[in-house]
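Data block below; observations after.
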Number of protein chains: 2
Amino acid sequence: MKNIGILLSGRGSNFEAIARNVSAGKIQAKIALVVSNRGQAPGLETACKMGLRTLFIASKGKEREVYDQEVVAALKGAQVDLVCLAGFMRILSPVFVRAFPGRILNIHPALLPAFPGLDAQKQALDYGVKFSGCTVHIVDEGMDTGPIVRQAVVPVLDEDTVETLSARILAEEHRIYSEAVCLMIEDKIRIEGRRVVLKK
Amino acid sequence: MKNIGILLSGRGSNFEAIARNVSAGKIQAKIALVVSNRGQAPGLETACKMGLRTLFIASKGKEREVYDQEVVAALKGAQVDLVCLAGFMRILSPVFVRAFPGRILNIHPALLPAFPGLDAQKQALDYGVKFSGCTVHIVDEGMDTGPIVRQAVVPVLDEDTVETLSARILAEEHRIYSEAVCLMIEDKIRIEGRRVVLKK
């Protein structure tokens with residue numbers, strides 16, 4: 001049984017979706033640890049209620065590498081195989097990325113490489129695209145640049161606001177994040193250049 | 001009846017798709033002029049066979065503004081209301097763009113703003129996106145940057161090559177370019193910021 005580690009800073013609705021699929025047996029893995037850099041993160045409370053092991057590691061005032069080493073130590077201590085970022089509002093240092101090479105997933109609410117960074121849904125609306133979506137990618141040392149495991153597309157409607165578009169994308173996030181976790185846990189993919197393809 | 005002007009450099013398969021929809025009465029307009037910067041462009045021959053007015057204006061050795069003024073004069077002479085770029089392998093100068101403000105359409109074989117410029121399908125494959133597509137946009141003075149009128153999405157498959165992906169995208173190009181032409185010809189859209197929305 002592989003171990004998943006979750007990093008979150010807020011509500012962690014993607015964490016909840018993954019946890020539901022773990023409980024339902026759709027993801028054949030265990031959530032070994034949920035870490036937050038914010039003590040008040042609602043996702044931490046949800047994890048507690050689910051009986052999961054949680055850890056608040058304060059980031060305030062710590063250098064990035066020092067902080068990341070603490071988190072890495074906690075994840076390694078819990079024998080985590082796959083790290084899932086679920087609204088973790090910090091950029092990982094190379095120290096972190098190299099500790100779990102090719103074993104960190106992130107989800108971004110846009111069709112990368114379009115609209116990386118913050119406020120992706122607003123960026124998409126402002127640009128005037130007719131379709132947007134979300135992307136699960138392997139985390140590398142860049143910002144939203146790693147190989148893409150899964151994407152999903154949603155239409156952008158004339159009457160959309162950031163809220164309505166975000167809600168439409170979020171429903172797809174909850175679906176594809178678990179799909180991507182399954183692919184990783186079941187070791188079903190390989191990477192060719194930047195392309196993530198199913199093993200034959 | 002509005003007049004359409006077509007600019008092409010090669011086969012002009014998007015021109016053919018538009019011409020078929022004009023013939024079928026799906027686009028209520030007339031193709032008043034087909035211009036090529038290459039005398040050998042197969043699209044020019046196709047246009048001739050269709051009985052359309054064609055014009056070869058050689059670009060070789062001419063300064064961009066001089067060339068563009070010649071083309072603009074020809075289009076104005078044919079009383080063109082809407083200019084459609086259909087594989088016209090030249091960047092339009094501000095002289096051209098300002099002569100038909102908001103009245104020039106282009107099609108790009110990617111979901112802009114992702115993968116602008118040349119070899120968009122190869123860019124998409126190399127990046128490893130799971131969905132790509134095409135974009136019809138109003139031409140402004142940037143490169144593939146104008147407001148988006150229509151987009152279409154296609155999946156990118158593990159076994160795709162540039163050829164198979166391009167073919168899948170091209171089928172959608174043929175569909176959405178005519179849709180966008182209709183919206184423009186029938187004056188059904190307005191632009192809010194960068195967003196192209198249907199008039200109420």
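The values are calculated or read from the model by the stated rules, or taken from the named source; none is laboratory data. Only a predicted model underlies this, so the values are computations on that prediction, with no experimental measurement involved. Note that we place each Cβ from the backbone using ideal geometry, even for glycine, and neighbour counts take in every protein chain shown. These accessible areas exclude ligands, DNA and RNA; they are computed on the full protein's heavy atoms, side chains included. Shrake-Rupley method; radii C 1.70, N 1.55, O 1.52, S 1.80 Å.
Can you list the copy-to-copy distances for residue B:23, using a point 7 angstrom from Cα toward Cβ, in nanometres, shortest first?
In ascending order, 6.1 nm.
List, in the order given, every pair from A:49/A:122; B:30/B:76; A:130/B:188; B:26/B:49 whose Cα-Cα distance in the structure shown is over 23 Å.
Checking Cα-Cα distances, A:49/A:122 exceed 23 Å.
Based on the Kirkwood radius over alpha-carbon pairs, what value in µm²/s does the Stokes-Einstein equation return for the translational diffusion coefficient of the range A:93-132 at 20 °C and 1.002 mPa s?
The diffusion coefficient I find is 182 µm²/s.
Subtract the Cα-Cα distance of residue A:167 and residue A:24 from 0.36 nm times their separation in residues, and report this length gain in nm to one decimal.
Separation in residues times 0.36 nm, less the Cα-Cα distance, equals 49.1 nm.
Give me the aspartates and glutamates in straight-line cross-link reach of residue B:60: C-alpha distance below 17 Å, same-chain residues under 8 apart excluded.
B:68, B:70
Relative contact order, percent, of the range A:1-101 when contacts are C-alpha pairs under 8 Å separated by at least 6 residues?
Once divided by the residue count of the range A:1-101, the mean separation gives 38 percent.
In nm, what does the list of distances from residue A:74 to its counterparts in the other copies look like, shortest first, when each label sits 7 Å along Cα to Cβ?
Output for residue A:74: 6.8 nm, nearest copy listed first.
Carbon and sulfur atoms: what percent of the 1.4 Å accessible area of the range B:1-101 do they account for? Write down the numbers at each step before the final one.
Numbers: 2490 of 4930 Å².
Within the range B:1-101, the accessible surface is 50 percent carbon and sulfur.
Tell me, how many Å apart are the Cα centres for the range B:58-79 and for the range A:21-84?
The two parts, judged by their Cα centres, are 63 Å apart.
How large is log10 of I(q)/I(0) for the range B:105-200 at q = 0.14 Å⁻¹ when the intensity is taken from the Debye formula with one equal scatterer per alpha-carbon?
Debye output, listed in q order: -0.50.
State the Cα centre-to-centre distance between the range A:94-150 and the range A:164-189 in whole Å.
13 Å
At each listed q (0.18, 0.25, 0.27, 0.33 Å⁻¹), what is the log10 of I(q)/I(0) that the Debye formula gives for the range B:46-88 modelled as equal alpha-carbon point scatterers?
-0.63, -1.10, -1.19, -1.23
Measuring nothing but label to label, 7 Å from Cα along Cα→Cβ, what are residue A:89's distances to the other copies in nm, shortest first?
Sorted ascending, the copy-to-copy spacings read 5.0 nm.
Under the Karplus relation 6.51 cos²θ - 1.76 cosθ + 1.60, θ = phi - 60°, what is the ordered set of whole-Hz ³J(HN,Hα) values for the range A:2-11, x standing for Gly and Pro?
The phi angles translate into 7, 10, 9, x, 10, 10, 9, 10, x, 5 Hz.
Could you work out the relative contact order of chain B, using alpha carbon pairs under 8 angstrom and six or more residues apart, expressed as a whole percent?
Working: 381 pairs, mean separation 38.7, N = 200.
In percent, rounded to a whole number, it is 19.
Dividing the convex hull volume of the alpha carbon atoms of the protein assembly as shown by its residue count, what do you get in Å³ per residue?
Expressed per residue, the convex hull around the Cα atoms of the protein assembly as shown is 165 Å³.
Please report, in whole Å, how far the alpha carbons of the range A:1-101 spread along each principal axis, starting with the longest.
Per principal axis, max minus min of the Cα coordinates gives 39, 28, 18 Å.
How crowded by other chains is B:189-196, given as the mean number of beta carbons from other chains within 10 Å of each beta carbon? Numbers along the way, then the final one.
Values: counts 1, 0, 1, 2, 4, 5, 9, 3.
Shielding by partners across B:189-196 averages 3.
Under 8 Å for C-alpha pairs, at least 6 residues apart: give me the relative contact order for the range B:115-200, rounded to a whole percent.
Once divided by the residue count of the range B:115-200, the mean separation gives 26 percent.
Please give the average number of partner chain Cβ atoms lying within 10 Å of the Cβ of each residue in A:106-116, rounded to a whole number.
3
Grab the DSSP H runs of chain B that are 4 residues or longer, score each as -39,500 (n - 2.57), total them, divide by all residues and round the 222 nm result to the nearest 500 deg cm²/dmol.
Roughly -11000 deg cm²/dmol at 222 nm, from the helical runs in chain B.
What translational diffusion coefficient, to the nearest whole µm²/s, does chain A have by Stokes-Einstein, given a Kirkwood radius computed over alpha-carbon pairs, a temperature of 25 °C and 0.890 mPa s viscosity?
The calculation lands on 143 µm²/s.
Evaluated at 37 °C with a viscosity of 0.692 mPa s, what Stokes-Einstein diffusion coefficient in µm²/s does the range B:67-155 have when Rh comes from the Kirkwood expression over alpha-carbon pairs?
Here the translational diffusion coefficient equals 237 µm²/s.
At 1.4 Å probe size, with every protein chain present, just tell me what the per residue accessible area of the range A:1-101 comes to in Å².
49 Å²
Give the interface area between chains B and A as buried accessible surface, both sides summed, probe 1.4 Å, in Å² to the nearest 100.
Accessible area lost upon association: around 2300 Å².
Averaged across B:129-136, how many Cβ atoms of other chains sit within 10 Å of each residue's Cβ atom?
What the average comes to for B:129-136 is 5.
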